[in-house]
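Scroll down for the structure; my scribbles are underneath it.
The values are calculated or read from the model by the stated rules, or taken from the named source; none is laboratory data. Only a predicted model underlies this, so the values are computations on that prediction, with no experimental measurement involved. Neighbour counts run over all protein chains shown; Cβ positions are idealised from the backbone, glycine included. Accessible surface areas use protein heavy atoms only, side chains included; no ligands, DNA or RNA. Shrake-Rupley method; radii C 1.70, N 1.55, O 1.52, S 1.80 Å.
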4 protein chains.
Amino acid sequence: MTSPIRRIAINTGGGDAPGLNAVIRATVIAANNRGWECYGIRDGFNGILCPERYPDGGVVRLTPERVRGIAHLGGTILGTTNKGNPLHFPKQAPDGTVKEVDRSDDVLAFFAQNGLDALVSVGGDGSLTIANALHQKGLRVVGVPKTIDNDLDKTFTTFGFDTAVAFATECLDRLHSTAESHQRVMVVEVMGRYAGWIALHSGIAGGAHGILIPEIPFDLDRVVAKIKRRDTLGRMYSIVVVAEGAEPVDGHREIVAPAEVGHAERLGGIGERVAKVLQERTGKDARVVVLGHLLRGGSPTSFDRLAALRFGAAAVRALEEGRSGVMVSLAFPNVAYVSLEEVAGRMKAVPMDSDTLQTARDLGICFGD
Amino acid sequence: MTSPIRRIAINTGGGDAPGLNAVIRATVIAANNRGWECYGIRDGFNGILCPERYPDGGVVRLTPERVRGIAHLGGTILGTTNKGNPLHFPKQAPDGTVKEVDRSDDVLAFFAQNGLDALVSVGGDGSLTIANALHQKGLRVVGVPKTIDNDLDKTFTTFGFDTAVAFATECLDRLHSTAESHQRVMVVEVMGRYAGWIALHSGIAGGAHGILIPEIPFDLDRVVAKIKRRDTLGRMYSIVVVAEGAEPVDGHREIVAPAEVGHAERLGGIGERVAKVLQERTGKDARVVVLGHLLRGGSPTSFDRLAALRFGAAAVRALEEGRSGVMVSLAFPNVAYVSLEEVAGRMKAVPMDSDTLQTARDLGICFGD
Amino acid sequence: MTSPIRRIAINTGGGDAPGLNAVIRATVIAANNRGWECYGIRDGFNGILCPERYPDGGVVRLTPERVRGIAHLGGTILGTTNKGNPLHFPKQAPDGTVKEVDRSDDVLAFFAQNGLDALVSVGGDGSLTIANALHQKGLRVVGVPKTIDNDLDKTFTTFGFDTAVAFATECLDRLHSTAESHQRVMVVEVMGRYAGWIALHSGIAGGAHGILIPEIPFDLDRVVAKIKRRDTLGRMYSIVVVAEGAEPVDGHREIVAPAEVGHAERLGGIGERVAKVLQERTGKDARVVVLGHLLRGGSPTSFDRLAALRFGAAAVRALEEGRSGVMVSLAFPNVAYVSLEEVAGRMKAVPMDSDTLQTARDLGICFGD
Amino acid sequence: MTSPIRRIAINTGGGDAPGLNAVIRATVIAANNRGWECYGIRDGFNGILCPERYPDGGVVRLTPERVRGIAHLGGTILGTTNKGNPLHFPKQAPDGTVKEVDRSDDVLAFFAQNGLDALVSVGGDGSLTIANALHQKGLRVVGVPKTIDNDLDKTFTTFGFDTAVAFATECLDRLHSTAESHQRVMVVEVMGRYAGWIALHSGIAGGAHGILIPEIPFDLDRVVAKIKRRDTLGRMYSIVVVAEGAEPVDGHREIVAPAEVGHAERLGGIGERVAKVLQERTGKDARVVVLGHLLRGGSPTSFDRLAALRFGAAAVRALEEGRSGVMVSLAFPNVAYVSLEEVAGRMKAVPMDSDTLQTARDLGICFGD
């Protein structure tokens, strides 16, 4: 486990997040400063497992020159994907049916054959679970947490989250004037399937009047009451932020988009439903804006760039110190390392005793409870 | 008509646009510097026609102090509305039915009774038509053009358009990295019911690969071919900007959202439809983002602030010079005045010989034709 | 100490910082939600101690209406000042000489006479020392930390710092292209008299090649060597960030701006000196940009808005819980309260074992040591 | 002159400006779509005249792939320089003295030897004069105007100017809150040696109270009076924008920085002097901020990107149509072509009858006259 390192690989998996390129850059430069070579795997593990898709190589040399000037760019120069989990890799049988097979040994074999001594794996819960499995099988692996939803446990924050919150807040700023000029209810749907961090932070920073998050089942009649109270005070508009995973309290199932909606759901089922109900029950004109993919892109904020660069450099130091099976974590003021075992499958929801939540309540923001 | 002015009013009508407050500020300050008082009418003409809705007054004094620090704020401190056209004002009969009556005389009477000598009316085609009617009836009126769609004739541009293009371009920038990382087709719907200016300008500036505008009926198979051509060059993602008023060529009516869609249409019927067809025909994952209301809000760009301030100051100078029935127009490098008669009901579409359109074609952007 | 609160005051002292208005807003709204009245003291304590300067009142009622829409605005609606410390207040004797007197009793008397039960005091080290003194004399006081330099101990961060880093990073981004196109050395001076946080964070995020901070005495010959090494690699430009308090190692005193420079020093003495020496010793064209006051203004980032709103709400909760003599502190993930006694006069420098510093070194950034 | 084109070159000269890369991109793509090859000359004409400096080639092939994703980047991938005018090229004699020689024939020879049929030359007044000379000698040349100062005649605007104005305006926005909180006079020096466009546009958009431009000799006592008038109205701060080329009226020569200042002058001689005098004469605390190089960098605004892309595409169309010796010009709503002869050596100052200037006066802004 502690043989000297000469060559490492890095990959990025799961959804796109601002800061991925900064992690890559820091990893490559820090490795190069130690005399190590660094290679990038394309599209998660597909660069290794489906080499035929990559005429120019599924695993590419990353020199300092190759990663110049990328720290402030969104996206990932390596590509990313939600398909191609090596533990459950789709394989077509001769009869045309597709079943999932475990191809983690192919990944290990590739590392061995190419003299790759370790892997820096950047991704969310799914990617870190894979990283842990590879570690269990003997690969040296350090994970870097990535989720713009901020729902990963054991780290105070991840890169990408601040950028998403900043852009959502800017959008809320833009909507205030229009909502006020036209005396409308504006419903803004943001990401957050399992946790309401983006909705909570951007909603407070952007001056929303209601915030609906997965952690707090909502009763829209409370939101309606809030909107009407504002009207009586002469504040004839309201802005409600809704996390995509927010759900009504029992007995209000009509508000949830039915499962069969399919494609349209991607358009923001819950936001649309909430807007419709609020329009009916307040008598006011209500509109919905779905921020969706806009939150994943863009140049990372300086906060996220720094976090991502720190993560990449820390991953290299972790390998240098002989660590494996750990995730780099932000534990203010410094980074720390936590066992991948501890992280996998654990979610970080907004705690009910969070002072941030209390701040929102102190400001009079309605959570529908 | 040329009696000295002591007191003027200003109103804002139609949809919200970044820069309205800058027009108001410039009008108030420039009027004040001439010793005139300035009053603001709330919500189009509703401040005059429905005074009962405004406990604090439907027409309010605007002092320089009142308009301090508002030039960079979105929205309008006066409010705006699409309802309340004095030429067709809704009136409820005793039997409960509603019919439209001409209440322009009530507006004129209000001006006479309150010693208001002139009106600066800021708005789009509808508002300028009203302004012209009031001028015909003897009111001194100067119009200021407002449309973020840039579809007003007789002026090179209006305030709000640059801000909308800038934000749409920023959104396109954000989507590039995500679309590329995930190898997707991204369809971005922007405003532009009758003219494709926002789609054209932001599409070129934001590096879109396809642009669909009302001026050019589109055949999606040409867009599909463009996307496939990009794939063969290894550029596995594409971005298509769609103006909300874009329409397919005859025989492809299935792409248009059916009229009965209603509320959902506000979510961006055409963008959703285009994404669905592109996904089916390219086999690629396609997503839609509807920018809609986000384009109306926000702080105006420096370009729009300057244009708006110039318009407001020019409106006051026009009144000082004894003009009425004119609209302030941007005729580079200076402002000019054009007759409201000439403007009303005229639309400015993207001309087919525009060098901007030619630039897009030179860059290989596909218009579906 | 624990009598019920009905009326509180808030003031802001020291240098301007983005987020002050958000603190004020949260304090006012949270207090109002508890049935308390809130009053704002103008310009530190001057509103109390020099009432003659404020015809409209040196202490003003702050209603929720008064603090609407201010959370995203820079500056402070109350004003701020570095002059007017009540512990050392300037007093003119009959013979014209000025000496400092302790006027803290006047502050306490004002609170007593006006039924003000507590003070929320927002400021840096100086303001918190005053707050502590007032607390010692029996006033209920809660402090809110403010310093864009991030040099206050016992809190992970303060509002304003993220905004300053974000803007400095944006400026570095802008300078890269120009520096590269013209093959120049660009020296960028940022705030940080006693601690190099802004320089360190923005320098890493903005891709600087050298960072000079007060914590690490610098030898410019090392920076010269770094620049020349870049040249040999074909990277013909370099960017060096300098904190205003950075100092050379002993024996290089010629680089420090002489004390008598006075006014010019405000222009950025150290940056100018560093640029001059680098130009002489590298033979390259070197330029200096002093960001100074630009870092203090502007709309707070969403991170700073949220931090400021949390601080304001937490200050009100602290008073509600009967606390006094404490400062609100950010101790991720929640706020905490620390004794003002512990905070006063303590500085937070960049620790030499910080992983952020290590990240910079891993990226090859030169600190001149 | 009208032989078919197969191969063209492009270069960029003079100071850096946001949008240069967009011109390059549009030129390359538009040329490629016509089946032409495109080559880029490094650092003005130095890539041809000093090939020894460029181990990787002073003239490089520009493929569509090479110019992907550069339209929104500041700077120029080709480099630029103010040194290396081929008409006055520095040559070292054997005795060590340097004199200037005309090397334009070397440029023409290079074009002939390498089968380069035409040149797109992007630059300011100096570069366009060179372009014209090369055209006179028989080279096919189309010029593209570049100046962030907006001081080129015969075009309504150039790319880079809008970006510079936007950033200067953002800086003014940031300074308002700080200036107000501290009751200061803030002097902001911006580019504009011969024309005050940036100062005028940003000053109006950014709400400055005074604007000093080269076109209007200033008397600081008038600015002092304006500042004092604001004080009496309770507006205790003022912001004054100064173009670097602004000059006092006769008899106030003490305000101009003496010629011998040299290096310090680059720090903003005139802004510093103006701040010093205003501080002395108003008794208020005055500070200076020099924006300088910050205005040259950064990502171009959507307006500038579009203008630059239109210019690049139009240059290619001009060559296709057989034109030479012309400059592409923005003549709203379309581009036009004007003779380089007409342009060379002509400056566009702010006209005294400009409605923009009149707007500033209507808003009460003081020009010191």
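Would you be able to tell me the number of residues in the range D:109-139 that are hydroxyl-bearing (Ser, Thr, Tyr) and not in a helix (DSSP H, G or I)? Can you show your working first?
Taking the range D:109-139 as the starting set, the residues that turn out to be hydroxyl-bearing (Ser, Thr, Tyr) are D:121, D:127, D:129.
Checking the rest, the ones that are also not in a helix (DSSP H, G or I) come to D:121.
Looking only at that region, the number is 1.
Against the definition (in the same structural domain as residue B:145 (by TED's automatic domain parsing), open to solvent by 10 Å² or more (accessible area, probe 1.4 Å) and under 21 Å from residue B:319 (Cβ atoms)), how does residue B:59 come out, yes or no? Quick ask: steps written out before the conclusion?
Working: in the same structural domain as residue B:145 (by TED's automatic domain parsing): yes; open to solvent by 10 Å² or more (accessible area, probe 1.4 Å): yes; under 21 Å from residue B:319 (Cβ atoms): yes.
Against the criterion (in the same structural domain as residue B:145 (by TED's automatic domain parsing), open to solvent by 10 Å² or more (accessible area, probe 1.4 Å) and under 21 Å from residue B:319 (Cβ atoms)), residue B:59 qualifies.
Quick one: count up the residues across the range A:225-255 that are open to solvent by 10 Å² or more (accessible area, probe 1.4 Å) and either assigned to a loop (DSSP other than H, G, I, E, B) or not β-branched (Val, Ile, Thr) (or both).
Qualifying residue count, the range A:225-255: 20.
Name every residue in the range A:321-335 that is in contact with a helix residue (DSSP H, G or I) (Cβ under 9 Å, 6 or more places away or on another chain), at the interface with another protein chain (Cβ under 9 Å from one of its Cβ atoms) and hydrophobic (A, V, I, L, M, F, W, C), in order of residue number.
Across the range A:321-335, the qualifying residues are A:330, A:335.
Here is a check on your reading of the model: is residue A:177 without any contact (Cβ under 8 Å) to a residue 24 or more places away in the chain, open to solvent by less than 10 Å² (accessible area, probe 1.4 Å) and either among the hydroxyl-bearing types (Ser, Thr, Tyr) or within 14 Å of chain B (Cβ to nearest Cβ) (or both)? Show your work before the answer.
Working: without any contact (Cβ under 8 Å) to a residue 24 or more places away in the chain: yes; open to solvent by less than 10 Å² (accessible area, probe 1.4 Å): no; either among the hydroxyl-bearing types (Ser, Thr, Tyr) or within 14 Å of chain B (Cβ to nearest Cβ) (or both): yes.
Considered against the rule, which asks whether it is without any contact (Cβ under 8 Å) to a residue 24 or more places away in the chain, open to solvent by less than 10 Å² (accessible area, probe 1.4 Å) and either among the hydroxyl-bearing types (Ser, Thr, Tyr) or within 14 Å of chain B (Cβ to nearest Cβ) (or both), residue A:177 comes out as no.
Among the residues that make up the range A:158-175, is at least one of them closer than 25 Å to residue A:20 by Cβ and among the charged types (D, E, K, R)?
Step one: of the range A:158-175, the residues closer than 25 Å to residue A:20 by Cβ are A:158-171.
Narrowing the set further to residues that are among the charged types (D, E, K, R) leaves A:162, A:170.
Yes, the range A:158-175 contains at least one residue that is closer than 25 Å to residue A:20 by Cβ and among the charged types (D, E, K, R).
So residue A:210 clears everything in (1) crowded, with 23+ Cβ neighbours inside 10 Å; (2) under 28 Å from residue C:299 (Cβ atoms); (3) modelled with pLDDT under 95 except one condition, right? Which one?
(3)
Which count do you get for residues in the range B:274-320 that are closer than 29 Å to residue B:225 by Cβ, of a type in the set (D, E, K, R) and away from chain A (no Cβ under 12 Å)?
The qualifying residues number 2.
Is there a residue being of a type in the set (Gly, Ala, Ser), over 12 Å from the mean Cα position of the chain (by Cα), open to solvent by 20 Å² or more (accessible area, probe 1.4 Å) and under 26 Å from residue A:83 (Cβ atoms) anywhere in the range A:152-174? Step through it out loud before you land on a result.
Initially, the range A:152-174 is screened for residues of a type in the set (Gly, Ala, Ser), giving A:160, A:164, A:166, A:168.
Pick out the ones that are also over 12 Å from the mean Cα position of the chain (by Cα) and you get A:166, A:168.
The next check asks that each one be open to solvent by 20 Å² or more (accessible area, probe 1.4 Å); those that pass are A:166.
Adding the requirement that they be under 26 Å from residue A:83 (Cβ atoms) leaves none.
Taking every residue of the range A:152-174 in turn, none turns out to be of a type in the set (Gly, Ala, Ser), over 12 Å from the mean Cα position of the chain (by Cα), open to solvent by 20 Å² or more (accessible area, probe 1.4 Å) and under 26 Å from residue A:83 (Cβ atoms).
What's the number of the condition residue A:76 fails, among (1) within 13 Å of chain B (Cβ to nearest Cβ); (2) within 17 Å of residue A:115 (Cα to Cα); (3) in contact with an Asp or Glu (Cβ under 8 Å, 6 or more places away or on another chain)?
Every listed condition holds for residue A:76 apart from (2).
Quick one: count up the residues across the range B:67-90 that are of a type in the set (Lys, Arg) and within 21 Å of residue A:183 (Cβ to Cβ). Working first, answer last.
So the first thing to find is which residues in the range B:67-90 are of a type in the set (Lys, Arg), and the list is B:68, B:83.
Filter once more, keeping what is within 21 Å of residue A:183 (Cβ to Cβ): B:83.
Summing the residues that are of a type in the set (Lys, Arg) and within 21 Å of residue A:183 (Cβ to Cβ) in the range B:67-90 gives 1.
Exactly one of these conditions fails for residue D:141: (1) outside the structural domain of residue D:270 (by TED's automatic domain parsing); (2) out of contact with any helix residue (DSSP H, G or I) (no Cβ under 6 Å at 6 or more places or on another chain). Give me its number.
Only one criterion in (1) outside the structural domain of residue D:270 (by TED's automatic domain parsing); (2) out of contact with any helix residue (DSSP H, G or I) (no Cβ under 6 Å at 6 or more places or on another chain) is unmet by residue D:141, namely (2).
Given the condition at pLDDT 95 or above and over 25 Å from the mean Cα position of the chain (by Cα), answer yes or no: does some residue in the range A:16-32 qualify?
Within the range A:16-32, one or more residues are at pLDDT 95 or above and over 25 Å from the mean Cα position of the chain (by Cα).
Of the residues B:115, B:69, B:96, which is within 24 Å of residue B:298 (Cα to Cα), more than 14 Å from chain A (Cβ to nearest Cβ) and open to solvent by 20 Å² or more (accessible area, probe 1.4 Å)?
Numbers: B:115 fails: within 24 Å of residue B:298 (Cα to Cα); B:96 fails: within 24 Å of residue B:298 (Cα to Cα).
Among B:115, B:69, B:96, only B:69 is within 24 Å of residue B:298 (Cα to Cα), more than 14 Å from chain A (Cβ to nearest Cβ) and open to solvent by 20 Å² or more (accessible area, probe 1.4 Å).
Which numbered condition trips up residue B:292, out of (1) on the phi < 0 side of the Ramachandran plot; (2) under 15 Å from the mean Cα position of the chain (by Cα)?
Unmet condition: (1).
Limited to the range B:192-224, what total is found for residues that are away from every other protein chain (no Cβ under 12 Å), within 22 Å of the chain's Cα centre (by Cα) and either in a helix (DSSP H, G or I) or not charged (D, E, K, R) (or both)?
10
What do you reckon, is residue B:10 within 24 Å of residue B:303 (Cβ to Cβ) and either open to solvent by 10 Å² or more (accessible area, probe 1.4 Å) or assigned to a loop (DSSP other than H, G, I, E, B) (or both)?
Numbers: within 24 Å of residue B:303 (Cβ to Cβ): yes; either open to solvent by 10 Å² or more (accessible area, probe 1.4 Å) or assigned to a loop (DSSP other than H, G, I, E, B) (or both): no.
Answer is no for this residue.
State whether the residues of the range B:344-360 include one that is of a type outside the set (Asp, Glu), free of Cβ contacts under 8 Å to residues at least 24 places away in the same chain and more than 14 Å from chain D (Cβ to nearest Cβ). Show your work before the answer.
Pass one, the range B:344-360, residues of a type outside the set (Asp, Glu): B:344-352, B:354, B:356-360.
Then keep just the ones that are free of Cβ contacts under 8 Å to residues at least 24 places away in the same chain; that gives B:351, B:354, B:358.
Those still in the list that are more than 14 Å from chain D (Cβ to nearest Cβ) too: none.
Checked the range B:344-360: no residue is of a type outside the set (Asp, Glu), free of Cβ contacts under 8 Å to residues at least 24 places away in the same chain and more than 14 Å from chain D (Cβ to nearest Cβ).
List, please: which pairs have Cβ atoms under 8 Å, are six or more places apart or on different chains, and start with a residue in the range C:184-204 that is within 18 Å of residue C:160 (Cβ to Cβ) and end with one that is aromatic (Phe, Trp, Tyr)?
C:197/C:161; C:198/C:161
Can you tell me which of C:44, C:35 is over 20 Å from residue C:4 (Cα atoms), in a loop (DSSP other than H, G, I, E, B) and modelled with pLDDT of 95 or more? So that I can check it myself, show each step before the final result.
On the way: C:35 fails: over 20 Å from residue C:4 (Cα atoms).
Checking each option against the conditions leaves just C:44.
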